Amino acid sequence: MTDLLAIAYPWVKSLHIISVISWMAALFYLPRLLVHHTEQVGQTGQTHDLFKMMEYKLATVIMRPAMIGTWIFGLALVLTPGIVDWAAVWPWTKGASVFAMTGFHGWLVGRVRAFAAGENSLSGKRYRIMNEVPTLLMIIIVFSVVVKF
């Protein structure tokens, strides 16, 4: 199994990067949709229905598969011999940040469900603030992997 992972390493790494880019794009965009939904659309009407559909599709058709791909290919990289130095700090900071990113993903899905049920209770300002979470986590992840601090 480990020989197969070593042979497939460049392909798995490429698929991991593609999945991460897709996941991050969705994590950046969905909170912006929620800001506009909150501030410009409200909880009723045709535009509300359009935003609900856009948010749902972004969360389920793009964001969920991208997260699953990120996890699958990331775990395959972790299992590839010689890739991760577990005595270093960087795999642990990256791992903690990926878990936090996954938690943020779950929070966003909960917000999409709240909008779908007509139960949004957060302000546009709150969504703007939360929109910074994936950026901060991305910075930690990239520096962890590239600088290996």
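Figures for the structure shown
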{"read-out": "Residue within the stretch 110-124 that is more than 14 Å from the chain's Cα centre (by Cα), part of a helix (DSSP H, G or I) and under 18 Å from I18 (Cα atoms) present", "value": "no"}
{"read-out": "Cβ pairs under 7 Å, 6+ apart, first in the stretch 101-124 and on the phi < 0 side of the Ramachandran plot, second part of a helix (DSSP H, G or I) and of a type in the set (D, E)", "value": "V112/E55; F115/E55; G124/E39"}
{"read-out": "So I83, is it at pLDDT 95 or above and not polar (S, T, N, Q)", "value": "no"}
{"read-out": "Residue, modelled with the highest pLDDT, within the stretch 109-149, restricted to residues that are among the polar types (S, T, N, Q), surrounded by fewer than 17 Cβ atoms within 10 Å (Cβ to Cβ) and over 25 Å from G74 (Cα atoms)", "value": "S123"}
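The values are calculated or read from the model by the stated rules, or taken from the named source; none is laboratory data. Computed from a predicted structure; not experimentally measured. Note that we place each Cβ from the backbone using ideal geometry, even for glycine, and neighbour counts take in every protein chain shown.
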